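The values are calculated or read from the model by the stated rules, or taken from the named source; none is laboratory data. The model shown is predicted, which means the values in this text are computed figures rather than measured ones. Here the Cβ positions follow ideal geometry from the backbone for every residue, glycine too, while neighbour counts run over all protein chains shown.
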Amino acid sequence: MSRVRRYETMFILKTTIEPEICLKQIENIKENILSNGGEIETIDDMGSRQLAYEINKNKRGHYVVIYFKAPTSSIKELERLNTINENILRFIFIKFDTNKEIANWDNMVALCKKKKTEQQNETNEETNTKNETKVEKSTPEDETNTKNETKVEKSTPEDETNTKNETKVEKSTPEDETNTEYKTKIEKSTPEDEDI
């Protein structure tokens, strides 16, 4: 029986394929690792990036890194499966063997998991804020009660002393409304109302 070791694989998928097919390809690679005795620790989907040079007339690629543990005998089969997959532009398997390399692998796995949880927390917070700011539709009955309609009336000297033609603003009642959103009513004071 072969020894179980720590590995990292990076592969680049074509960006010309549909996003659903891209996710399906990632799932296929995960299944290949698991079916060959591997144990996936974490996956870092790095997304679409520009390639340093064109590969098979592709200028961009979808980068994915998978950290896993597997028996050494399974790597040949995984390489064979990746080679015959036409949607994979390039791939590499890196073996972590020494204690220093294993410590590095553990750190990279921890960082990747931390990054993943932070992204999930951000998406959860965004979803929560969207739900909180969701505006409910009001009914026509609610609209009549909450309209800010005003009446503007000219004041009389009895209301205000030493000033003429000042205005006061009063809230209107629903009985005053006649299917208009904003309504103003202006009443002028007459000389008869004024006492000199």
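Against the condition assigned to a loop (DSSP other than H, G, I, E, B) and at pLDDT 50 or above, how does E158 come out, does it pass? When the stated conditions are applied, E158 passes them. Annotation for region 26-42: at least one member residue is in a helix (DSSP H, G or I), closer than 15 Å to N82 by Cβ and of a type in the set (K, R). Report, by residue number, each residue of region 58-81 that is more than 32 Å from the chain's Cα centre (by Cα) and of a type outside the set (D, E). Result: A70, P71, T72, S73, S74, I75, K76, L78, R80, L81.
Just one of (1) more than 24 Å from the chain's Cα centre (by Cα); (2) surrounded by 13 or more Cβ atoms within 10 Å (Cβ to Cβ) fails for A52. It is (2).
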